[in-house]
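First comes the structure, then the notes that go with it.
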Amino acid sequence: MKRCLILATWLLTLTTLWGQEDARSVIGAIEVRNSGAGRVDMSYVMAHTRMRVGEPLDRSHIGRDVRSLLDTGRFSSVDVDIEPRDEGVAVVYVIRRKMTLGEKVIFTGSRHLREKKLRSLLDLGLGDRVDDHVLGVRTRAIRDAFRDDYYPDVALTWDIEETDHAQGLARLLVHIESGARSKVKSVLFEGNTQVGYSDLRRAIGRPSPLSPLWLFRKKRYDSNQMEAMRMAVLGVYRQRGFLDVVVDYPAVEIDAEGRQTITLTIQEGIAYRFGNISVEGVERFPQAEIDALVMARTGDTASSTLIDAIVQGIEDYYGSRGYARARVRPLLESNRAAGTVVAVFAVSEGELIRVGNIRIRGNRRTRDKVIRREIQLYPGDILNEVKARRSERKLMNLGFFSDVRRYQLDTSVPNREDVVYDVEEKRSGQFLFGAGFSSVDNVIGFVEVSQGNFDIRSWPNFTGGGQKLKLRAQFGSERTDYQLSLVEPWFLDRKLSLGLDLFKTDLNYTDYDLERVGAAVSLSKPLPGPNRITFRYSLQETKITDVADTNEYVYADSPSETYTFNREENVIKSTLRTSLIHDTRNNPFIPSRGLRATIFGELSGGPFGFDTDIYGLGASASLYIPLWWNHVLTVRGRGEVVETFGGTDEVTISDRLFAGGGRTIRGFGYRDVGPKVVRDEPYTDTAGNPGTNKVVRSVGGQSMALGTLEYTIPLVDGIRLAAFYDVGGVWRDAYEFNAGNVASSAGVGLRLDMPGFPIRIDYAWDLEADDELTGTESWVIWIGYDN
């Protein structure tokens, strides 16, 4: 009985204490305490927090409130204190505001860069909020600019001086110590007997002096790049099974002219092969499925690349099923005498995790929705690590960000985590200009202005909407082009790409001038796999003017039929074109593997009205086959027809198909392959004897087929040799393909893959002409990529 009384007394006391604790845990007051300068708006804080007076204190809300306030970008630090009060507890938000710039930034120290340039790189003006974190990010651009100009040891410091405590205004002073200017003379490797110099040089990203890329690469290194260089060399060896390799930190010698000689000393060790391989720790999934992910076999080279691929494959298996915290540790036990390594992949499976909220940080210009629409995760989903990483890559591929970091934050809900994408924006606009020479267009020049993160609704900066704007003018002695294009990649917030184009082209041919002016609207949608369908409607006015030759010609293959060039045109063409594209190339500019294939059909006139009733059908494909030593075999094919219908009797010369010259059949004159017309032109020689010259003109056709085989060999970075074979023909009537009437050529070429200005130089030998009237032209020079 005594024991029961004691127990009852204890339970009553404990219940009373719990009741008092519950009472004290009710929020009786919420306060905001300013630990810095300026004023903190209570209503602004309450709008971004969850805790309210009268509600029970939920400590899980504290972390969320802190993150929410920091995400606004207004505050440097946020702390939450819980203070006991008579009416319960008081929640006190202790907040330090970022200072607001009230004056122009003052730069002191090195004057290597003009102040205007420094201000542009820092990108901070009156009214911007600053603290040490902001400046740590913003000064990175200045630091990089100095390093690009061979000041590897540049150091920046800053001081934020308060000028008005009540308003939170400050003055910013940035001090720059540039250090000594120093270029890299050479990079040397010592101790490398198993790996060649050229392989190590490529690994550290240093082009050969024979490569044109040497002119575009900055030949300087700072301390971070020195370590990256060392790690790159380690990576080359470990990829080849040298798991014990040691690479010393680079030694630097500076000569009297301030030029650096960098030396990396290497202790290679031996190349290992795999012994026994196993996976341990698998419980949630079938062991056989995990074992199947191990791509290595006993006797294979113990490459770090292969080890990493196995680790990534197993982690992706778990990660794609919501086990985002699953980790795989490769445990390697080497036997130096036998030259083998036993590999055990130890799996820590973790728990199934779901997505809480998706948080975006760091975007000052880019709209949240532009980022969110590229993320393949949604609140409540299992946290698919593969999709999360793919979303990270998609954000980087937008071209708006210099860095994208992803991480998870714990929430109050067990096994539920918020996913944060922290982006660092970069300049997305470009201004380009240049000049060059083409064997077709002769001397050419161009000017281009583009903005890859355009927003037509965001006045006055017009950035942040993810749209793409380009204005380009190209001018030369034979051709002039003007183009304005705007692309909305997510029309109506769907995966529909809407394009708007305005264009004007002037072409000066031997016998006439051709002018095209028009506008187009296109709608493109991705299909399953690497496929896309595009619909494009264009309205175009075509003029043929300044016809220089008004003589009567006859067709070379049908002398009874006449042709004249005195048909000046002024027609309006209304066209709908549908294209289906399949693209698996690994690089859109210089691919080494993959296939790009296109099928299209277009209809002009008919239900779309105006002056021209024609239709066209075509297909093209480019297959890139990787071979040994980075050699690539390219196979290209193209076929096209154009035909009239309705009230149009013939296809005008501006809509016909032509071949010959660069990008079609090299070795022959530009537009020379295909149907021709001729006439006899009388003349009298110096002795007074009469005679005739045969004048030949190409008039194009309604059917065309082209094929190319090209083999490229990389010499050094940015330079490739090419050998090619071209074949094809153009025929007068639609659907007329005569294999006995084709032209073919073979040749060699040089590919100069300079960034933004690729040059193609080819020399071709004509093997067979489609007829005896086709002219030849051995040299072909053009600016642009092959595909």
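So the values come out like this:
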{"read-out": "Criterion violated by LEU409 - all others in (1) free of Cβ contacts under 8 Å to residues at least 60 places away in the same chain; (2) loosely packed, with under 15 Cβ neighbours inside 10 Å; (3) in the same structural domain as ARG361 (by TED's automatic domain parsing) satisfied", "value": "(1)"}
{"read-out": "Pairs, first under 18 Å from ASN508 (Cβ atoms) and touching a residue at least 60 places away in the same chain (Cβ under 8 Å) in region 655-671, second among the charged types (D, E, K, R) and not in a strand (DSSP E or B), C-beta under 6 Å, six or more apart", "value": "PHE658/ARG671; GLY660/ARG671; GLY660/ASP672"}
{"read-out": "In region 82-116, residue nearest to GLU162 (Cα to Cα) [restricted to those that are surrounded by 14 or more Cβ atoms within 10 Å (Cβ to Cβ) and hydroxyl-bearing (Ser, Thr, Tyr)]", "value": "THR100"}
{"read-out": "Residue selected from region 566-604 under the condition more than 30 Å from ALA722 (Cα to Cα) and β-branched (Val, Ile, Thr), by the criterion surrounded by the fewest Cβ atoms within 10 Å (Cβ to Cβ)", "value": "THR578"}
{"read-out": "Search result, residues across region 133-152 that are touching a Ser or Thr at 6+ places or on another chain (Cβ under 8 Å) and either more than 14 Å from LEU113 (Cβ to Cβ) or in a helix (DSSP H, G or I) (or both)", "value": "HIS133, PHE146, PRO152"}
{"read-out": "Residue check for ARG365: under 27 Å from the mean Cα position of the chain (by Cα) and either outside the structural domain of LEU243 (by TED's automatic domain parsing) or crowded, with 20+ Cβ neighbours inside 10 Å (or both)", "value": "yes"}
{"read-out": "The lone exception for LEU706 - which of (1) within 27 Å of PRO591 (Cα to Cα); (2) part of a strand (DSSP E or B); (3) of a type outside the set (Asp, Glu); (4) touching a Phe, Trp or Tyr at 6+ places or on another chain (Cβ under 7 Å) it fails", "value": "(4)"}
{"read-out": "Any chance ASP79 is modelled with pLDDT under 85, out of contact with any Asp or Glu (no Cβ under 8 Å at 6 or more places or on another chain) and exposed (fewer than 15 other Cβ atoms within 10 Å of the Cβ)", "value": "no"}
{"read-out": "Unique match (being under 25 Å from LEU352 (Cβ atoms), over 27 Å from the mean Cα position of the chain (by Cα) and not polar (S, T, N, Q)) among ALA337, ALA296, ALA288, ALA302", "value": "ALA288"}
{"read-out": "Scan of region 441-475 for residues that are at pLDDT below 90, farther than 27 Å from ARG372 by Cα and either in the same structural domain as ARG364 (by TED's automatic domain parsing) or touching a Phe, Trp or Tyr at 6+ places or on another chain (Cβ under 9 Å) (or both), ordered by number", "value": "ASP441, VAL443, ILE444, GLY445, PHE446, VAL447, GLU448, GLN474, PHE475"}
{"read-out": "Long-range neighbours under 7 Å by Cβ, at least six apart or interchain, first residue over 28 Å from ASN738 (Cβ atoms) and free of Cβ contacts under 8 Å to residues at least 40 places away in the same chain within region 760-787, second part of a loop (DSSP other than H, G, I, E, B) and not β-branched (Val, Ile, Thr)", "value": "TYR763/SER778; GLY784/PRO758"}
{"read-out": "Any hit, region 506-521, residues being polar (S, T, N, Q) and either modelled with pLDDT of 95 or more or surrounded by 17 or more Cβ atoms within 10 Å (Cβ to Cβ) (or both)", "value": "no"}
{"read-out": "Hey, LEU70 surrounded by 14 or more Cβ atoms within 10 Å (Cβ to Cβ) and either among the hydrophobic types (A, V, I, L, M, F, W, C) or in the same structural domain as VAL32 (by TED's automatic domain parsing) (or both) or not", "value": "yes"}
{"read-out": "Answer residue from region 621-668, given it is under 21 Å from THR584 (Cα atoms) and aromatic (Phe, Trp, Tyr) and is modelled with the highest pLDDT among those", "value": "TYR624"}
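Each row is one residue, and each column tells you yes or no for (1) aliphatic (A, V, I, L, M); (2) at pLDDT below 80; (3) surrounded by 18 or more Cβ atoms within 10 Å (Cβ to Cβ).
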site	(1), (2), (3)
ASP159	no, no, no
ILE176	yes, no, yes
GLY179	no, no, no
GLN194	no, no, no
ARG201	no, no, no
SER223	no, yes, no
GLU227	no, no, no
VAL246	yes, no, no
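The values are calculated or read from the model by the stated rules, or taken from the named source; none is laboratory data. What you see is a predicted model, and the numbers here were worked out from it, not measured in a lab. No Cβ is skipped: glycine too gets one built from the backbone with ideal geometry, and neighbour counts run over all protein chains shown.
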